[in-house]
Amino acid sequence: MKDEVGTPGGATIEAVAELERKGFRAAVMSAMEQCFEKTKALSRKNN
């Protein structure tokens, strides 16, 4: 996605690079894993 919206050397790419340096990708992945696990638990509870 970043390659489709950013210009090489531009502001968007620089912002994405900083997010990656600060661990944004790992934080998003962890949040999605937690969301998935919670959804499974809620599904089991409601069935």
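Within region 1-24, the set of residues being assigned to a loop (DSSP other than H, G, I, E, B) and either in contact with a Lys or Arg (Cβ under 7 Å, 6 or more places away or on another chain) or of a type outside the set (S, T, Y) (or both) comprises M1, G6, P8, G9, G10, K22, G23.
Looking across region 28-47 at every residue that is of a type in the set (S, T, N, Q) and part of a helix (DSSP H, G or I), the one that is modelled with the lowest pLDDT is identified as N46. Taking each residue of region 1-27 that is at pLDDT 90 or above and looking for partners that are aliphatic (A, V, I, L, M) and surrounded by 11 or more Cβ atoms within 10 Å (Cβ to Cβ) with beta-carbon atoms closer than 9 Å, six or more apart or interchain, yields F24/V16; R25/L19.
The values are calculated or read from the model by the stated rules, or taken from the named source; none is laboratory data. What you are looking at is a predicted structure, and each value in this text was computed from that prediction instead of being measured. Cβ coordinates were reconstructed from backbone atoms using ideal geometry, including for glycine residues, and neighbour counts include every protein chain displayed.
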